[in-house]
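The values are calculated or read from the model by the stated rules, or taken from the named source; none is laboratory data. Everything quoted here is computed from the prediction, not taken from an experiment. Cβ placement follows ideal geometry from the backbone for every residue including glycine, while neighbour counts extend to all protein chains displayed. These area figures cover heavy atoms from the full protein model, side chains too; ligands, DNA and RNA do not enter into them. Shrake-Rupley method; radii C 1.70, N 1.55, O 1.52, S 1.80 Å.
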Amino acid sequence: SLQVGLRVENRHGLTTQVAYTWSHEIDEVSGDLNGLSNPYNSRYDRASGGLDRRHILNISYIYAFPFFTKSSNMAARTILGGWEISGVTTAEKGSPQFITYTGGDTVGLGCCYTNRPNLVSKVSYPKKVDAWFSASSFGDPTAPWNGGANQGFGNASRDAVVLPGLFNFNLSLFKTIALTPGEGPKFEIRIESFNTFNHTEFNGVDAGSHDTNFGHVVNTYDPRTLQLGDKFRF
């Protein structure tokens, strides 16, 4: 992996931190070894693992608005001055998706294994609700008693498909009002938003090759959430 970061401390009212990670995680199973697809050939599952997220970018920031902070108008200074905005922006590449062959038995073991389909063409990404990836890129494996290769296991790798990534903004607008001069009691007002721009974020795709919804998006992250908060410090 490669990890880099940058921090700016209180520069013209702005404090920000940027962190970027490039990584590539490869394994044969992302959990217990009982999860191997082919119990007789562990290398059949060697590919980018379930924890692989190739690119991760996080940006956090706090900015103090300079407007009306020194205004001679007390009402303007109290109501309009002293506001700050903070937030976290996250951009992540999706992780690999395990595609499972859900047709008939082409191996003959009877149990205790998981098969994958054949990859018959390059996977493309329409990125639609009813077609995140090209389901037609996968075909049924052929049983060895019918002349199939690879003991009836499909040739699609564990990382043949990449799930949707994440691009999200969480923002907060807040202001602290001093009730008395100096270090006396203070009242804080906060307006917070999660998924601020209400951007639909796909999360989860049907990965069963013979399922009716194969390749369809089956879930999303939470929609925008707003909350108000007050805090009294003394």
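What to note about this one:
- Selected residue [over 28 Å from PHE202 (Cβ atoms), surrounded by 12 or more Cβ atoms within 10 Å (Cβ to Cβ) and more than 23 Å from the chain's Cα centre (by Cα)] from GLY81, GLY35: GLY81
- Close contacts from the range 199-214, counting a first residue that is acidic (Asp, Glu) and a second that is open to solvent by less than 30 Å² (accessible area, probe 1.4 Å), with Cβ to Cβ under 6 Å and a gap of 6+ residues or different chains, come to ASP206/PHE214.
- Answer residue from the range 48-88, given it is part of a strand (DSSP E or B) and among the aromatic types (Phe, Trp, Tyr) and is nearest to VAL4 (Cα to Cα) among those: TYR61
- Flag: PHE202 does not match the condition of being open to solvent by 30 Å² or more (accessible area, probe 1.4 Å) and under 16 Å from VAL88 (Cα atoms).
- If only residues of the range 55-74 that are open to solvent by less than 60 Å² (accessible area, probe 1.4 Å) and more than 24 Å from the chain's Cα centre (by Cα) are counted, the one that is modelled with the highest pLDDT is ALA64.
- Taken together, the residues in the range 89-121 that are assigned to a loop (DSSP other than H, G, I, E, B), among the hydrophobic types (A, V, I, L, M, F, W, C) and surrounded by 15 or more Cβ atoms within 10 Å (Cβ to Cβ) amount to 3.
- Output for the range 180-234, where each listed residue is farther than 30 Å from GLY139 by Cβ and charged (D, E, K, R): GLU183, LYS186, GLU188, ARG190, GLU192, GLU201, ASP222, ARG224, ASP230, LYS231, ARG233
- Summed over the range 215-234, the residues that are within 27 Å of THR102 (Cα to Cα) and either open to solvent by 100 Å² or more (accessible area, probe 1.4 Å) or in contact (Cβ under 8 Å) with a residue 60 or more places away in the chain (or both) give a count of 3.
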